Amino acid sequence: MAKRNIVITGGAGFIGSHVVRLFVNKYPEYNIINLDKLTYAGNLDNLKDIENKPNYKFVKMDICDFEPFYRLMQEEKIDGIIHLAAESHVDRSIKDPFTFAKTNVMGTLSLLQAAKLYWESLPEGYEGKRFYHISTDEVYGSLALDSELFREDTPYSPHSPYSASKASSDHFVRAYHDTYGMPTIVTNCSNNYGPYQFPEKLIPLFINNIRQRKPLPVYGKGENVLDWLYVEDHARAIDLIFHRGKIAETYNIGGFNEWKNIDLIKVIIKTVDRILGNPEGHSLSLITYVTDRLGHDARYAIDSTKLQKELGWEPSLQFEEGIEKTVRWYLDNQEWIDNIISGEYQKYYDSMYSNL
Ligand code: NAD
Ligand code: TYD
(Lines give C-alpha, C1' and ligand atoms only; values in the text may rest on other atoms or scores of the structure.)
(Ligands and ions follow the chains in the order given, each with its own letter.)
Protein backbone atom coordinates (compact mmCIF):
# COMPACT_ATOMS: atom_id res chain seq x y z
CA MET A 1 0.00 0.00 0.00
CA ALA A 2 1.44 3.40 -0.98
CA LYS A 3 2.13 5.94 1.75
CA ARG A 4 -0.48 8.67 1.93
CA ASN A 5 -0.71 11.90 3.87
CA ILE A 6 -4.33 12.45 4.81
CA VAL A 7 -6.12 15.19 6.71
CA ILE A 8 -9.39 14.17 8.32
CA THR A 9 -11.28 17.30 9.42
CA GLY A 10 -13.68 17.06 12.35
CA GLY A 11 -11.90 13.94 13.60
CA ALA A 12 -12.67 14.76 17.24
CA GLY A 13 -16.42 14.65 16.61
CA PHE A 14 -18.81 11.72 16.49
CA ILE A 15 -18.41 10.27 12.98
CA GLY A 16 -14.94 11.76 12.47
CA SER A 17 -13.54 9.90 15.48
CA HIS A 18 -14.73 6.57 14.05
CA VAL A 19 -13.18 7.41 10.68
CA VAL A 20 -9.87 8.45 12.29
CA ARG A 21 -9.78 5.25 14.39
CA LEU A 22 -10.49 3.05 11.36
CA PHE A 23 -7.80 4.71 9.20
CA VAL A 24 -5.15 4.81 11.96
CA ASN A 25 -5.64 1.13 12.80
CA LYS A 26 -6.06 -0.12 9.23
CA TYR A 27 -3.33 1.88 7.48
CA PRO A 28 -0.19 2.00 9.64
CA GLU A 29 1.81 3.26 6.63
CA TYR A 30 -0.39 6.37 6.25
CA ASN A 31 0.18 9.68 7.98
CA ILE A 32 -3.22 10.57 9.47
CA ILE A 33 -3.77 14.14 10.66
CA ASN A 34 -6.90 14.87 12.66
CA LEU A 35 -7.66 18.57 12.14
CA ASP A 36 -10.29 19.91 14.51
CA LYS A 37 -11.15 23.22 16.15
CA LEU A 38 -12.52 21.45 19.21
CA THR A 39 -15.85 23.26 19.34
CA TYR A 40 -18.37 22.14 21.98
CA ALA A 41 -18.83 19.00 19.83
CA GLY A 42 -15.14 18.08 19.55
CA ASN A 43 -13.77 15.79 22.23
CA LEU A 44 -10.32 14.21 22.21
CA ASP A 45 -11.54 11.67 24.78
CA ASN A 46 -13.16 9.99 21.74
CA LEU A 47 -9.70 8.96 20.52
CA LYS A 48 -7.81 7.96 23.67
CA ASP A 49 -7.20 4.43 22.36
CA ILE A 50 -5.24 5.62 19.31
CA GLU A 51 -3.75 8.96 20.39
CA ASN A 52 -0.22 7.54 20.82
CA LYS A 53 -0.03 5.66 17.54
CA PRO A 54 2.95 6.74 15.39
CA ASN A 55 0.82 7.32 12.27
CA TYR A 56 -1.55 9.72 14.08
CA LYS A 57 -1.29 13.42 14.78
CA PHE A 58 -3.82 15.94 16.14
CA VAL A 59 -3.78 19.56 14.94
CA LYS A 60 -6.08 22.10 16.56
CA MET A 61 -7.23 24.39 13.75
CA ASP A 62 -10.31 26.16 12.44
CA ILE A 63 -11.15 25.11 8.87
CA CYS A 64 -11.99 28.76 8.16
CA ASP A 65 -8.32 29.74 8.68
CA PHE A 66 -6.92 29.63 5.16
CA GLU A 67 -3.22 30.43 5.75
CA PRO A 68 -2.47 27.86 8.48
CA PHE A 69 -4.27 25.17 6.51
CA TYR A 70 -2.37 26.00 3.33
CA ARG A 71 0.93 25.80 5.29
CA LEU A 72 -0.12 22.47 6.81
CA MET A 73 -0.79 21.08 3.34
CA GLN A 74 2.68 22.13 2.20
CA GLU A 75 4.50 20.89 5.31
CA GLU A 76 2.73 17.54 5.44
CA LYS A 77 2.49 17.08 1.64
CA ILE A 78 -1.21 16.36 1.94
CA ASP A 79 -2.63 14.27 -0.90
CA GLY A 80 -6.03 13.39 0.59
CA ILE A 81 -8.65 15.35 2.50
CA ILE A 82 -11.64 13.68 4.13
CA HIS A 83 -13.82 16.56 5.25
CA LEU A 84 -16.23 16.00 8.14
CA ALA A 85 -15.78 19.18 10.21
CA ALA A 86 -19.10 20.98 10.44
CA GLU A 87 -21.72 22.40 12.71
CA SER A 88 -24.06 19.43 12.71
CA HIS A 89 -27.13 19.96 14.87
CA VAL A 90 -30.38 21.14 13.24
CA ASP A 91 -31.74 22.70 16.48
CA ARG A 92 -28.61 24.85 16.88
CA SER A 93 -28.83 25.90 13.21
CA ILE A 94 -32.34 27.23 13.84
CA LYS A 95 -31.02 29.40 16.70
CA ASP A 96 -27.75 30.47 15.09
CA PRO A 97 -27.65 30.08 11.30
CA PHE A 98 -24.62 32.38 10.87
CA THR A 99 -22.23 29.95 12.56
CA PHE A 100 -23.48 27.24 10.20
CA ALA A 101 -22.87 29.37 7.10
CA LYS A 102 -19.43 30.33 8.38
CA THR A 103 -18.16 26.87 9.22
CA ASN A 104 -20.04 24.69 6.76
CA VAL A 105 -19.94 26.97 3.71
CA MET A 106 -16.97 29.32 4.16
CA GLY A 107 -14.88 26.70 5.97
CA THR A 108 -15.39 24.19 3.17
CA LEU A 109 -14.59 26.84 0.56
CA SER A 110 -11.42 27.76 2.42
CA LEU A 111 -10.24 24.12 2.43
CA LEU A 112 -11.07 23.77 -1.28
CA GLN A 113 -9.14 26.89 -2.23
CA ALA A 114 -6.08 25.92 -0.15
CA ALA A 115 -6.11 22.43 -1.70
CA LYS A 116 -6.45 23.92 -5.18
CA LEU A 117 -3.51 26.30 -4.76
CA TYR A 118 -1.27 23.64 -3.18
CA TRP A 119 -2.09 20.78 -5.55
CA GLU A 120 -1.88 22.99 -8.66
CA SER A 121 1.61 24.09 -7.53
CA LEU A 122 2.94 20.52 -7.70
CA PRO A 123 4.55 19.06 -10.85
CA GLU A 124 2.05 16.19 -10.91
CA GLY A 125 -0.92 18.54 -10.24
CA TYR A 126 -4.09 16.77 -9.17
CA GLU A 127 -2.86 13.26 -9.96
CA GLY A 128 -3.33 10.94 -6.98
CA LYS A 129 -5.12 13.65 -4.98
CA ARG A 130 -8.58 13.48 -3.49
CA PHE A 131 -10.98 15.88 -1.77
CA TYR A 132 -13.75 13.81 -0.20
CA HIS A 133 -16.66 15.75 1.31
CA ILE A 134 -19.03 14.10 3.80
CA SER A 135 -22.60 15.32 3.61
CA THR A 136 -26.11 14.47 4.69
CA ASP A 137 -29.34 13.16 3.15
CA GLU A 138 -31.09 16.22 4.63
CA VAL A 139 -29.99 18.28 1.58
CA TYR A 140 -32.62 16.45 -0.49
CA GLY A 141 -35.46 17.85 1.63
CA SER A 142 -38.50 16.05 2.89
CA LEU A 143 -40.25 12.97 1.46
CA ALA A 144 -43.94 12.13 1.55
CA LEU A 145 -44.62 8.94 3.51
CA ASP A 146 -45.58 6.97 0.40
CA SER A 147 -42.97 8.35 -2.01
CA GLU A 148 -39.72 6.88 -3.32
CA LEU A 149 -36.37 7.18 -1.57
CA PHE A 150 -33.67 9.82 -2.13
CA ARG A 151 -31.43 8.83 -5.03
CA GLU A 152 -28.21 10.48 -6.17
CA ASP A 153 -30.15 12.38 -8.86
CA THR A 154 -32.90 13.64 -6.50
CA PRO A 155 -32.87 17.46 -6.76
CA TYR A 156 -31.64 19.34 -3.70
CA SER A 157 -34.36 20.99 -1.61
CA PRO A 158 -32.91 21.81 1.82
CA HIS A 159 -35.23 23.29 4.46
CA SER A 160 -33.29 23.89 7.68
CA PRO A 161 -30.37 26.31 7.98
CA TYR A 162 -28.20 23.21 8.65
CA SER A 163 -29.22 21.43 5.47
CA ALA A 164 -29.05 24.67 3.45
CA SER A 165 -25.45 25.15 4.60
CA LYS A 166 -24.53 21.54 3.79
CA ALA A 167 -26.20 21.80 0.36
CA SER A 168 -24.22 24.94 -0.36
CA SER A 169 -20.95 23.27 0.62
CA ASP A 170 -21.78 20.24 -1.57
CA HIS A 171 -22.29 22.57 -4.54
CA PHE A 172 -18.95 24.29 -3.91
CA VAL A 173 -17.17 20.93 -3.81
CA ARG A 174 -18.71 19.89 -7.14
CA ALA A 175 -17.93 23.33 -8.59
CA TYR A 176 -14.22 22.82 -7.81
CA HIS A 177 -14.31 19.63 -9.85
CA ASP A 178 -16.29 21.09 -12.72
CA THR A 179 -14.34 24.35 -12.88
CA TYR A 180 -10.78 23.46 -11.91
CA GLY A 181 -10.70 19.69 -12.37
CA MET A 182 -10.12 18.94 -8.68
CA PRO A 183 -10.69 15.22 -7.94
CA THR A 184 -13.66 15.45 -5.60
CA ILE A 185 -16.25 13.03 -4.24
CA VAL A 186 -19.40 13.81 -2.24
CA THR A 187 -21.39 11.34 -0.17
CA ASN A 188 -24.78 11.92 1.43
CA CYS A 189 -25.55 9.74 4.42
CA SER A 190 -28.61 9.15 6.55
CA ASN A 191 -28.71 9.67 10.35
CA ASN A 192 -25.92 7.92 12.20
CA TYR A 193 -26.08 6.36 15.65
CA GLY A 194 -23.53 4.66 17.89
CA PRO A 195 -20.85 5.42 20.50
CA TYR A 196 -19.31 8.90 20.99
CA GLN A 197 -22.30 10.89 19.69
CA PHE A 198 -22.74 14.22 21.45
CA PRO A 199 -25.64 13.85 23.91
CA GLU A 200 -27.75 16.65 22.41
CA LYS A 201 -28.75 14.22 19.63
CA LEU A 202 -31.85 12.06 20.01
CA ILE A 203 -30.42 8.62 20.80
CA PRO A 204 -27.68 9.46 23.36
CA LEU A 205 -29.89 12.18 24.89
CA PHE A 206 -32.73 9.74 25.49
CA ILE A 207 -30.52 6.91 26.79
CA ASN A 208 -28.97 9.31 29.28
CA ASN A 209 -32.27 10.89 30.29
CA ILE A 210 -33.75 7.47 31.02
CA ARG A 211 -30.71 6.68 33.18
CA GLN A 212 -31.21 9.98 35.03
CA ARG A 213 -35.04 9.63 35.16
CA LYS A 214 -35.48 12.89 33.21
CA PRO A 215 -38.29 13.65 30.73
CA LEU A 216 -37.87 12.48 27.11
CA PRO A 217 -38.83 15.48 24.93
CA VAL A 218 -40.54 14.16 21.77
CA TYR A 219 -40.92 16.89 19.14
CA GLY A 220 -44.45 17.24 17.74
CA LYS A 221 -46.27 13.92 17.54
CA GLY A 222 -43.09 11.89 17.08
CA GLU A 223 -44.27 10.86 13.62
CA ASN A 224 -41.29 12.07 11.62
CA VAL A 225 -39.44 9.26 9.87
CA LEU A 226 -35.65 8.98 9.67
CA ASP A 227 -33.33 6.40 8.19
CA TRP A 228 -30.69 5.21 10.69
CA LEU A 229 -27.21 3.76 10.07
CA TYR A 230 -24.68 2.44 12.60
CA VAL A 231 -21.72 4.83 12.62
CA GLU A 232 -19.04 2.16 12.01
CA ASP A 233 -20.87 1.13 8.83
CA HIS A 234 -20.66 4.76 7.68
CA ALA A 235 -16.92 4.80 8.50
CA ARG A 236 -16.41 1.60 6.45
CA ALA A 237 -18.25 3.18 3.52
CA ILE A 238 -16.03 6.27 3.76
CA ASP A 239 -12.91 4.08 3.68
CA LEU A 240 -14.18 2.19 0.64
CA ILE A 241 -15.26 5.31 -1.24
CA PHE A 242 -12.08 7.24 -0.42
CA HIS A 243 -10.01 4.43 -1.96
CA ARG A 244 -12.27 3.09 -4.71
CA GLY A 245 -14.99 5.65 -5.39
CA LYS A 246 -15.09 7.33 -8.80
CA ILE A 247 -13.94 10.94 -9.04
CA ALA A 248 -16.76 13.49 -9.39
CA GLU A 249 -19.39 10.97 -8.31
CA THR A 250 -21.97 11.23 -5.56
CA TYR A 251 -22.84 8.18 -3.45
CA ASN A 252 -25.78 7.89 -1.10
CA ILE A 253 -25.09 5.94 2.10
CA GLY A 254 -27.94 4.47 4.14
CA GLY A 255 -29.16 1.31 5.73
CA PHE A 256 -32.69 0.96 4.30
CA ASN A 257 -33.72 1.30 7.92
CA GLU A 258 -36.58 3.77 8.39
CA TRP A 259 -38.07 4.48 11.81
CA LYS A 260 -40.84 6.74 12.98
CA ASN A 261 -39.31 8.70 15.89
CA ILE A 262 -41.85 7.47 18.45
CA ASP A 263 -41.30 3.81 17.49
CA LEU A 264 -37.54 4.24 17.70
CA ILE A 265 -37.93 5.91 21.10
CA LYS A 266 -39.96 2.93 22.34
CA VAL A 267 -37.20 0.56 21.21
CA ILE A 268 -34.64 2.64 23.13
CA ILE A 269 -36.83 2.67 26.24
CA LYS A 270 -37.35 -1.09 26.06
CA THR A 271 -33.64 -1.77 25.60
CA VAL A 272 -32.49 0.56 28.39
CA ASP A 273 -35.14 -0.78 30.81
CA ARG A 274 -34.14 -4.39 30.08
CA ILE A 275 -30.42 -3.72 30.55
CA LEU A 276 -30.99 -1.72 33.75
CA GLY A 277 -33.26 -4.45 35.11
CA ASN A 278 -36.37 -2.25 35.16
CA PRO A 279 -39.80 -3.83 34.59
CA GLU A 280 -40.94 -3.67 30.93
CA GLY A 281 -42.56 -0.31 30.14
CA HIS A 282 -41.11 1.30 33.29
CA SER A 283 -39.75 4.39 31.46
CA LEU A 284 -42.59 4.94 28.99
CA SER A 285 -44.01 7.52 31.40
CA LEU A 286 -40.95 9.73 30.77
CA ILE A 287 -42.16 10.42 27.22
CA THR A 288 -43.13 14.10 27.06
CA TYR A 289 -44.55 15.60 23.87
CA VAL A 290 -43.15 19.11 23.30
CA THR A 291 -43.49 21.86 20.67
CA ASP A 292 -42.32 20.66 17.29
CA ARG A 293 -38.98 21.66 15.74
CA LEU A 294 -39.52 24.57 13.32
CA GLY A 295 -39.71 23.34 9.72
CA HIS A 296 -39.38 19.72 10.90
CA ASP A 297 -39.00 17.53 7.78
CA ALA A 298 -41.56 14.70 7.61
CA ARG A 299 -39.33 11.94 6.25
CA TYR A 300 -35.79 11.18 5.14
CA ALA A 301 -35.06 7.87 3.45
CA ILE A 302 -32.07 7.01 1.35
CA ASP A 303 -31.52 4.64 -1.53
CA SER A 304 -27.93 3.35 -1.36
CA THR A 305 -28.27 0.85 -4.21
CA LYS A 306 -25.55 2.57 -6.26
CA LEU A 307 -22.96 2.14 -3.49
CA GLN A 308 -24.03 -1.45 -2.88
CA LYS A 309 -23.90 -2.39 -6.58
CA GLU A 310 -20.81 -0.46 -7.67
CA LEU A 311 -18.57 -0.88 -4.64
CA GLY A 312 -20.11 -3.86 -2.85
CA TRP A 313 -20.76 -2.03 0.45
CA GLU A 314 -23.55 -3.07 2.73
CA PRO A 315 -24.40 -2.38 6.37
CA SER A 316 -22.90 -5.03 8.66
CA LEU A 317 -25.24 -4.63 11.62
CA GLN A 318 -28.94 -5.30 11.95
CA PHE A 319 -30.66 -2.39 13.70
CA GLU A 320 -31.57 -4.40 16.84
CA GLU A 321 -27.92 -5.38 17.24
CA GLY A 322 -26.74 -1.80 16.64
CA ILE A 323 -29.14 -0.35 19.20
CA GLU A 324 -28.17 -2.98 21.78
CA LYS A 325 -24.45 -2.15 21.30
CA THR A 326 -25.18 1.58 21.44
CA VAL A 327 -27.30 1.48 24.59
CA ARG A 328 -24.74 -0.73 26.34
CA TRP A 329 -21.90 1.61 25.31
CA TYR A 330 -23.58 4.71 26.81
CA LEU A 331 -24.54 2.87 29.99
CA ASP A 332 -21.00 1.47 30.32
CA ASN A 333 -19.34 4.83 29.60
CA GLN A 334 -21.17 7.10 31.99
CA GLU A 335 -17.97 8.99 32.78
CA TRP A 336 -17.62 10.00 29.11
CA ILE A 337 -21.13 11.43 29.09
CA ASP A 338 -20.92 12.93 32.59
CA ASN A 339 -17.76 14.84 31.56
CA ILE A 340 -19.71 16.47 28.74
CA ILE A 341 -22.84 17.13 30.75
CA SER A 342 -20.97 18.73 33.64
CA GLY A 343 -19.51 21.44 31.35
CA GLU A 344 -20.83 24.19 29.06
CA TYR A 345 -23.43 21.85 27.57
CA GLN A 346 -25.56 22.04 30.72
CA LYS A 347 -26.45 25.66 29.89
CA TYR A 348 -27.59 24.65 26.41
CA TYR A 349 -29.66 21.78 27.83
CA ASP A 350 -31.32 24.10 30.36
CA SER A 351 -32.16 26.66 27.65
CA MET A 352 -33.60 24.03 25.29
CA TYR A 353 -35.67 22.14 27.81
CA SER A 354 -36.44 24.78 30.49
CA ASN A 355 -40.20 24.16 30.19
CA LEU A 356 -40.04 20.43 30.97
P1 NAD B 1 -20.14 16.43 15.30
O2 NAD B 1 -20.87 17.70 15.60
O3 NAD B 1 -20.19 15.31 16.27
O4 NAD B 1 -18.61 16.76 15.05
C5 NAD B 1 -18.18 17.86 14.28
C6 NAD B 1 -16.70 18.07 14.52
O7 NAD B 1 -16.27 19.17 13.70
C8 NAD B 1 -16.35 18.41 15.97
O9 NAD B 1 -15.23 17.67 16.39
C10 NAD B 1 -16.03 19.89 15.91
O11 NAD B 1 -15.08 20.30 16.88
C12 NAD B 1 -15.47 20.03 14.50
N13 NAD B 1 -15.61 21.40 13.98
C14 NAD B 1 -16.73 22.18 13.99
N15 NAD B 1 -16.45 23.38 13.46
C16 NAD B 1 -15.14 23.36 13.09
C17 NAD B 1 -14.27 24.29 12.48
N18 NAD B 1 -14.70 25.53 12.16
N19 NAD B 1 -12.99 23.96 12.24
C20 NAD B 1 -12.55 22.69 12.57
N21 NAD B 1 -13.31 21.77 13.18
C22 NAD B 1 -14.61 22.11 13.43
O23 NAD B 1 -20.67 15.99 13.86
P24 NAD B 1 -20.91 14.53 13.26
O25 NAD B 1 -22.27 14.09 13.62
O26 NAD B 1 -19.75 13.67 13.57
O27 NAD B 1 -20.93 14.86 11.69
C28 NAD B 1 -19.71 14.87 10.95
C29 NAD B 1 -20.02 15.21 9.49
O30 NAD B 1 -20.91 14.24 8.95
C31 NAD B 1 -20.70 16.56 9.31
O32 NAD B 1 -20.18 17.15 8.14
C33 NAD B 1 -22.17 16.22 9.14
O34 NAD B 1 -22.82 17.19 8.34
C35 NAD B 1 -22.06 14.89 8.43
N36 NAD B 1 -23.19 13.95 8.64
C37 NAD B 1 -23.62 13.67 9.89
C38 NAD B 1 -24.66 12.76 10.09
C39 NAD B 1 -25.13 12.37 11.48
O40 NAD B 1 -26.11 11.63 11.59
N41 NAD B 1 -24.47 12.78 12.55
C42 NAD B 1 -25.27 12.14 8.98
C43 NAD B 1 -24.80 12.48 7.69
C44 NAD B 1 -23.75 13.38 7.54
P1 TYD C 1 -31.38 14.71 16.07
O2 TYD C 1 -30.80 13.56 16.79
O3 TYD C 1 -31.31 16.06 16.68
O4 TYD C 1 -30.68 14.71 14.63
P5 TYD C 1 -30.76 15.83 13.47
O6 TYD C 1 -30.00 17.03 13.96
O7 TYD C 1 -30.09 15.16 12.31
O8 TYD C 1 -32.20 16.10 13.22
O9 TYD C 1 -32.92 14.43 15.79
C10 TYD C 1 -33.36 13.21 15.26
C11 TYD C 1 -34.90 13.25 15.25
O12 TYD C 1 -35.38 13.24 16.60
C13 TYD C 1 -35.48 14.51 14.61
O14 TYD C 1 -36.66 14.14 13.89
C15 TYD C 1 -35.86 15.37 15.78
C16 TYD C 1 -36.19 14.38 16.88
N17 TYD C 1 -35.87 14.83 18.26
C18 TYD C 1 -36.86 14.80 19.25
O19 TYD C 1 -38.02 14.40 19.01
N20 TYD C 1 -36.51 15.19 20.51
C21 TYD C 1 -35.25 15.63 20.83
O22 TYD C 1 -35.01 16.01 22.00
C23 TYD C 1 -34.26 15.64 19.81
C24 TYD C 1 -32.86 16.11 20.10
C25 TYD C 1 -34.62 15.23 18.53
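The values are calculated or read from the model by the stated rules, or taken from the named source; none is laboratory data. Bear in mind that the values here come from a model prediction, so they are computed numbers and not experimental data. All Cβ positions, even for glycine, are placed from backbone atoms using ideal geometry, and neighbour counts span all protein chains on display.
Does at least one position in the stretch 40-52 carry a residue that is more than 16 Å from Gly13 (Cα to Cα) and more than 10 Å from ligand 1 (Cβ to nearest atom)? For the stretch 40-52, residues more than 16 Å from Gly13 (Cα to Cα) and more than 10 Å from ligand 1 (Cβ to nearest atom): present. Among the residues here, Tyr300 qualifies as farther than 30 Å from Tyr27 by Cβ and within 14 Å of ligand 1 (Cβ to nearest atom). Exactly one residue out of Lys221, Lys270 is surrounded by fewer than 16 Cβ atoms within 10 Å (Cβ to Cβ) and either in contact with an Asp or Glu (Cβ under 7 Å, 6 or more places away or on another chain) or not hydrophobic (A, V, I, L, M, F, W, C) (or both): that is Lys221. Answer yes or no: is there a residue in the stretch 100-108 that is within 16 Å of ligand 2 (Cβ to nearest atom), out of contact with any Ser or Thr (no Cβ under 7 Å at 6 or more places or on another chain) and assigned to a helix (DSSP H, G or I). Looking through the stretch 100-108, at least one residue is within 16 Å of ligand 2 (Cβ to nearest atom), out of contact with any Ser or Thr (no Cβ under 7 Å at 6 or more places or on another chain) and assigned to a helix (DSSP H, G or I). Of everything listed in (1) within 25 Å of Ser342 (Cα to Cα); (2) more than 10 Å from ligand 1 (Cβ to nearest atom); (3) of a type outside the set (Val, Ile, Thr); (4) within 23 Å of the chain's Cα centre (by Cα), the single unmet condition for Phe198 is (2).
Residues that are among the basic types (Lys, Arg): list the strands (runs of 3 or more DSSP E) wholly contained in the stretch 1-64 that include at least 1 such residues.
Once the strands (runs of 3 or more DSSP E) in the stretch 1-64 are filtered for at least 1 residues that are among the basic types (Lys, Arg), what remains is 56-60.
The residue pairs whose first member lies in the stretch 255-268 and is modelled with pLDDT of 95 or more, whose second member is small (Gly, Ala, Ser) and surrounded by fewer than 20 Cβ atoms within 10 Å (Cβ to Cβ), and whose beta carbons are closer than 9 Å, counting only pairs six or more residues apart or on different chains, are Lys260/Gly222; Asn261/Gly220; Asn261/Gly222; Ile262/Gly222; Asp263/Gly222; Leu264/Gly222; Ile265/Gly222.
Which numbered condition trips up Phe58, out of (1) surrounded by 15 or more Cβ atoms within 10 Å (Cβ to Cβ); (2) touching an Asp or Glu at 6+ places or on another chain (Cβ under 8 Å); (3) at pLDDT 95 or above; (4) closer than 17 Å to Ala86 by Cβ? That leaves (4) as the condition not met. Taking the criterion of being farther than 26 Å from Ser157 by Cα and within 13 Å of ligand 2 (Cβ to nearest atom), the residues of the stretch 268-313 that qualify are Ile268, Leu286, Ile287, Thr288, Tyr289, Val290.
Residues in the stretch 310-335 that are within 19 Å of the chain's Cα centre (by Cα) and either farther than 16 Å from Leu202 by Cβ or not in a helix (DSSP H, G or I) (or both): Trp313, Glu314, Pro315, Ser316, Leu317, Lys325. When we screen Lys129, Lys116 for residues that are buried (at least 16 other Cβ atoms within 10 Å of the Cβ), of a type outside the set (Phe, Trp, Tyr) and touching an Asp or Glu at 6+ places or on another chain (Cβ under 6 Å), the only hit is Lys129.
Does the stretch 162-183 include one or more residues that are surrounded by 20 or more Cβ atoms within 10 Å (Cβ to Cβ), among the β-branched types (Val, Ile, Thr) and at pLDDT 95 or above? Checking the stretch 162-183: at least one residue is surrounded by 20 or more Cβ atoms within 10 Å (Cβ to Cβ), among the β-branched types (Val, Ile, Thr) and at pLDDT 95 or above.
For Leu307, the conditions (1) in a strand (DSSP E or B); (2) surrounded by 17 or more Cβ atoms within 10 Å (Cβ to Cβ) all hold with the exception of (1).
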